[in-house]
Amino acid sequence: MALEGSEGDAMAAWYFRKIKRIEAEKKLLLPENEHGAFLIRDSESRHNDYSLSVRDGDTVKHYRIRQLDEGGFFIARRTTFRTLQELVEHYSKDADGLCVNLCKPCVQVSHKKVVK
């Protein structure tokens, strides 16, 4: 898996694991997030793939991140990356076909649990 080691620590800010598409939209549309906020989550429909969810104004766009058989990741096959971190760095500098450059990772809002 491409989430191991020190890279995994850096990814924690934008990797939201198994949240659903609708949950990603709710989180990204919170007022704490701005245009270009993003997160990566496990794909609901394809095992071993990921989804990139990006806030574009008042909407959220979703992109499938596919894995290559020989290792690596891509959204558009013409541009491949060895790791998800490299993918995030690339699309942070250049939208390169996405709706917007990736800006800040989605804010992790922690809800206090009510203890009874």
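Values quoted throughout were computed directly from the atomic coordinates according to the rules given, and no laboratory measurement underlies them. Please read these numbers as outputs of a predicted model, since none were measured by experiment.
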Extension gain (nm, one decimal) between residue 104 and residue 20, 0.36 nm per residue minus Cα-Cα: 28.2 nm
For residue 95, which sequence-distant residues (separation of 5 or more, or a different chain) have an amide H within less than 5 Å of its own amide H, given hydrogens modelled in the peptide plane? 101
For segment 5-93, alpha-carbon Rg and Dmax in angstrom: 12.7, 40
